[in-house]
Amino acid sequence: MSSDTTRTYDFLLAGIGGQGTILASNVLAEVGLAVGFDAKKAEVHGLSQLGGSVNTHVRWNYERVYSPLIALGEADYLVAFEKAEALRYAEFLRLGGKAIINDQVVLPLTVTSGGEAYPTDEQVKAVYAKLSDDVHFVPGIQIAKELGNAKVANVVALGALSNFLPAPKKVWLAVIEACVPQKFVELNQQAFQRGRKVSAEW
Amino acid sequence: MKQLMSGNEAIARGAWEADVVVAAGYPGTPSTEILENFAGYPKAYAEWAPNEKVALDVVVGAAYAGRRAMAVMKHVGLNVASDSLFYASTTGVEAGLVIIGVDDPGQHSSQNEQDSRRYGKFARIPCIEPSDSQEAKDMVAVALNISEQFDTPVLLRSTTRISHSSALVNLGEQMHVPPTLNRFPRNPAKYHVAPLYSRKRRSIVEERINLLCEFAETFPYNLVEWRSENTSDERAQLGIVTCGVAYQYAKEVFPESPILRLGMTYPIPPALVREFASKVERLIVIEELDPFLEEEIHLLGIPVEGKSIFPKVGELNPRIVRRSAMQVGLLPASANEPVCALDKPPVPARRPTLCPGCPHRGVFQVLSKLDLVVAGDIGCYCLASEPPLSALHTQGCMGAGIGQAHGAAKAGIGEPMVAVIGDSTFFHAGIPALLNVAYNQSNVIVIILDNRATAMTGHQQHPGTGFTLQMQESPAIELESLVRALGIERVTTVDPYQVWDVEKILREFMRADGPSVLIAQRECARLPRAREQWVVLEVAPEKCRGCARCFSIGCPAILKSDELDKETQRPKAVIDSLQCVGCEVCAWVCPWGAISFRDQVEGAHDE
């Protein structure tokens, strides 16, 4: 666990509408604040229809965060909740940064009824290999389904990320409790713990 | 107490703390959450008006009555409200009046980019701009104070990046601002803008701007930040004038340079700018969209650069600011420039599409089949222009489609003209346009896509839903009688899931003489009541021939199966059970009867 007080922690979260990208970024920003960072969060999305590409920027800094947006190539951590989205936003990861990619595929209409191709795992890996050797696929959707709700795949990925950040587990669990509706708290906390276990072995 | 808040949440909080008594607006991304949040505060009164002009008139009335008031809209909504903005500038107010206008640099969800600061100058009212959520909250009270001190409406301009970014905000208590009047003012010399009165107001308005210029000189949100290195008398190499979110980018990209951050962007403080300029070798402006501050500084006779360095088009971000500065030598060319052109395979686009079960889909499937030309409007249905439906051919602004269709018909285009408009958009700006069709009679077919909500911005209420913003019951305006009252005789209401009925009626309308209106009425499939009726349809693989007709309706729930049809060697269709809601449009278009209808699925489950 690194806790360098001079550096910034810049996170890019990428997913599609309905995957809980914004919830995950809320948790991340609140955790940063809870452990004493300044934090900002920016949501970047277009029209609010289902299935659109959504990305959020979260920044932590011990002194002060200025820009809510991260510059291309400067994200220390990139968390993608879907594989094509991982490819779409790959440029945001700084050289040597950490990428956590949820092993989930959601086919866009341009693939299902259009002529466009969905990237293969090999293609995604090859692109990330140019950026970093700290790139990890997380079986988020599989774990989430085991827990009985595919929607918590985002929190599995967040759990995997949590091992590398200067915030204790109890803070994460408390923030999750505050951020999700009461009846889903336990489910989300379980998803978080499972994700944490996954990355403990990296 | 501190809380993480988006700019929009912060503005709502600021309005509540500043004791705003009446707030009104119309939904529009990126401004919508302001009024939604404000409406949730104890004893707050907020309403969705049918359009932004009405909203502004409502809050002007409240401000004339001596109560603090706030109007909320996106930039194009401010265009709609602009007529009212100008008279309100002329009359001034009795109590504070703030207009929140949210611009959308980068057009994340808007038909244009426009710089609303120009409305400050155009209408001769002050414009203030926050740089983060804290200021977004605090500046509501600041705006209301300025409004009361200078007897003027105040424009508080935000942008998508301020409104949709979250940062820590120090919360305050609610202040109590007593009404300034007990009875409505009887003062036509001020509040009646006939020339005999308003001519006298002209010079008052101009003098007001002069007074505001003086006020701006010491306005605490106009900040000069000298960096520790250049506190001496020595002139700094570079000085930056900036505002809004661009201030944050300037701080990040130019940590060593002195900054003049203007919290009031109209009018600018002449002496402060002159003094700052005199202490730097080179003066630049970093601002999003128009060269607004740049022009104002030029008018003071001060040499300044801005848009010759930084782009005028699109949203700024730290990278664009840094690269632009590097290109003109303001920053050294960086050796560790991040990877910018990553060689990667094409990523399939996720264009916004009509959702599975969208009640608009069936209508556009028929319009596409009949090869009709369709004038569109603002709402979810604007997405029908995309392949495979490709059934929408224009989109202008709120309410434009009906007038366009009428004009093309009057021009003798020689093919039937169709206009489509949503229910909320119809209430907003479609009524006068349809009245015109009835009055001047053209063979236009108007389809009102009535999905019982302002859907695109997140299912807000409107005059047809039977509920107010604060979920009070109200009379639901009935569209068919309204349309008849406007003078349209041929009106039919249809369930758009009944695709054959839609086609039959449209074919009748195409043969008829004079205007026709089809009301395609079914609630948005994402609304709670519609969700209760979701059913997943199925494809019978033995009947599917891989003809791809069902793909032509552009439904995200219809996928290509791995199985190929033996004869055609084309993939069969399969329905994604996680996405399908059972609208049956695919079942209607399937020539092979391979897709189940709802009763077949439900029947099968009953067995």
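What follows is calculated from the coordinates using simple rules that are stated; it is not laboratory data. All values reported here derive from a predicted model rather than from experimental measurement. Neighbour counts run over all protein chains shown; Cβ positions are idealised from the backbone, glycine included.
To make sure I understand, if each residue's beta carbon is the centre and we count other beta carbons within 10 Å, what order do B:M70, B:M175, B:M326 fall in, fewest to most?
Numbers: B:M70 32, B:M175 11, B:M326 15.
Least to most surrounded, the residues fall as B:M175, B:M326, B:M70.
For the peptide B:555-562, the mean number of other protein chain Cβ atoms found within 10 angstrom of a residue's Cβ is 3.
Net charge near B:H108: determine it from the other residues with C-beta under 12 Å of the C-beta of B:H108, scoring Lys and Arg +1 and Asp and Glu -1.
Details: positive: B:K74, B:R161; negative: A:E43, B:D103, B:D104, B:E113, B:E315.
Residues close to B:H108 contribute a combined charge of -3.
Principal axis extents of the C-alpha atoms in region B:461-542 (largest first, rounded to whole Å): 51, 44, 11.
Each part reduced to its alpha carbon centroid, region B:541-607 and region B:19-98 end up 48 Å apart. Principal-axis analysis of the Cα atoms of chain B puts helix B:360-369 at an angle of about 60° to the longest axis. Evaluated at q = 0.12 Å⁻¹, a Debye calculation over the C-alpha positions of region A:86-196 (equal weights, vacuum) places log10 I(q)/I(0) at -0.50. Taking every C-alpha pair closer than 8 Å and separated by at least 6 residues, the mean separation divided by the residue count of region B:109-257 gives a relative contact order of 27 percent.
Please work out how many pairs of lysine residues in region B:1-152 are eight or more positions apart (or on different chains) and have Cα atoms closer than 24 angstrom. Kindly include the intermediate steps, with their values, before the conclusion.
Working: B:K2/B:K43; B:K2/B:K137; B:K43/B:K137; B:K53/B:K74; B:K53/B:K121; B:K74/B:K121; B:K74/B:K137; B:K121/B:K137.
Lysine pairs, 8 or more places apart or on different chains, close enough: 8.
The alpha-carbon of B:K190 sits under 18 angstrom from the alpha-carbons of these aspartates and glutamates, leaving out residues fewer than 8 places away in its chain: B:D57, B:D83, B:E94, B:E148, B:D151, B:E206, B:E207.
Start at zero, step by 20 Å, and the Cα-Cα distances of the protein assembly as shown spread as 15, 44, 35, 7, 0 percent across the bins.
Out of all DSSP beta bridges with both ends in chain B, state the antiparallel percent to the nearest 5. Kindly include the intermediate steps, with their values, before the conclusion.
Details: 17 of 69 bridges.
Bridges in chain B are about 25 percent antiparallel.
Please identify the DSSP H helices in chain A that span no less than 18 Å along the helix axis (Cα) and have a mean Kyte-Doolittle hydropathy of 0.5 or more.
A:21-34
Within 10 Å of each residue's Cβ, count the other Cβ atoms and sort B:H462, B:H164 from fewest upward.
B:H164, B:H462
Of all DSSP-defined beta bridges confined to region B:223-327, some 25% are antiparallel rather than parallel. Counting neighbouring Cβ atoms within 10 Å and putting the fewest first, the residues B:E478, B:E135, B:E386 line up as B:E478, B:E386, B:E135.
Treating each Cα of chain B as one equal point scatterer and applying the Debye formula with no solvent, the log10 of I(q)/I(0) at q = 0.10 Å⁻¹ comes out as -0.98.
Of the beta bridges DSSP finds with both residues in the protein assembly as shown, what % are antiparallel, to the nearest 5?
35 percent
Excluding same-chain neighbours fewer than eight residues apart, the lysines reachable from A:K98 by a Cα-Cα span under 28 Å are A:K40, A:K41, A:K83, A:K125, A:K130, A:K145, A:K151, A:K169, A:K170, A:K197, B:K251, B:K344.
Over chain A, what is the relative contact order in percent, taking alpha-carbon pairs closer than 8 angstrom and at least six residues apart? Each step should come with its number before you reach the end.
Numbers: 412 pairs, mean separation 42.3, N = 202.
Relative contact order for chain A comes out at 21 percent.
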